[in-house]
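Peer 1: Structure in structure tokens, see below.
Readers should treat all values here as calculations from the given coordinates under stated rules, not as data from a laboratory. As the structure is a prediction and not an experimental result, all values here were calculated from the model. Reconstructed Cβ throughout: ideal geometry from the backbone, glycine too, with neighbour counts over all protein chains shown.
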């Protein structure tokens, strides 16, 4: 069974009397364990598609099934719970709380998880920071960390709930080329460990780190193919 199944999804925005379609009948499947890049120029629909995949927006019509669950049938509370349980988000701007330590930032999603006490929160947050090689920075606040380290904290936070799916929106957009390689190598390691990773990028060289590349244009899938000559970060 596919982890993600999108069937004839449309998303239409209303601007006054005008209808502006951002997605036009998109269909795709993503299997467990895939590593997928979504590309496209500004206005292609890639950010809209990512919002729908993350349960942050709903399609105007069409179906989205995550792990076999039809997202459209979920109430607002159940959708929020599904997002917290099944999806880990990584953002371009890191979205860390500035006055909070790395460890406390990583703990945040666990406050909304059922059956996780304070001791378990701390243990799981430390485990997630260890996965991104930041155990020695758990007491540091964001302003005491480099951009790459802040993004590692954000990735640890995305992993702390042990989600089925990691979604990353331009995860290297604010990073220099050296740190970009570092972060993409980390995402490759996570994928090699069995995590399903889907990320948006506008940079062709960053998309080369994935295993499959989907290119959108004018709200439709232009190409969907395996990545040839994949870039692999050697450890």
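Peer 1: What order, most packed first, do the peptides 168-176, 107-115 have when packing is the mean number of other Cβ atoms within 10 Å of each residue?
Peer 2: Highest mean packing first, the order is 168-176, 107-115.
Peer 1: Is the stretch 69-175 best put as rounded, prolate or oblate by its Cα gyration tensor, with a ≥ b ≥ c the root eigenvalues, rounded for a/c under 1.5, and otherwise prolate when a/b is larger than b/c, oblate when not?
Peer 2: Oblate is the answer for the stretch 69-175, as a/c is 1.5 or above yet b/c matches or exceeds a/b.
Peer 1: Something else about it: Expressed as a whole number of Å, what is the distance separating the alpha-carbon centroids of the stretch 26-46 and the stretch 109-155?
Peer 2: Answer, in whole Å: 28.
Peer 1: Mean residue ellipticity at 222 nm from the helices of the chain, using -39,500 (n - 2.57) per DSSP H segment of n ≥ 4 over the full residue count, to the nearest 500 deg cm²/dmol?
Peer 2: The per-residue figure over the chain is -9000 deg cm²/dmol.
Peer 1: Still on this structure, please answer the following. Hey, of (i) 145; (ii) 120; (iii) 137, which did the structure itself give for volume of the Cα convex hull per residue in Å³ when calculated?
Peer 2: Given (i) 145; (ii) 120; (iii) 137, the calculated one carries the label (iii).
Peer 1: May I ask you to derive the FRET efficiency for residue 41 and residue 176 from their Cβ-Cβ distance with R0 = 25 Å, giving the value to the nearest 0.05?
Peer 2: 0.65
Peer 1: Nearest 10 degrees, 0 to 90: what angle lies between the long axis of helix 147-159 and the longest principal axis of the chain (Cα atoms)?
Peer 2: Once rounded, one gets 80 degrees.
Peer 1: Quick one: if you stick a label point 7 Å off each Cα along the C-beta vector at residue 202 and residue 108, how many nm between them?
Peer 2: Output for this residue pair reads 2.5 nm.
Peer 1: Any chance you could give the angle, 0 to 90 degrees and rounded to 10, that helix 76-86 forms with the longest Cα principal axis of the chain?
Peer 2: 60 degrees
Peer 1: Using the Cα gyration tensor of the stretch 1-122, with a ≥ b ≥ c the square roots of its eigenvalues, what is the shape: rounded (a/c below 1.5), prolate (a/b larger than b/c) or oblate (neither)?
Peer 2: prolate
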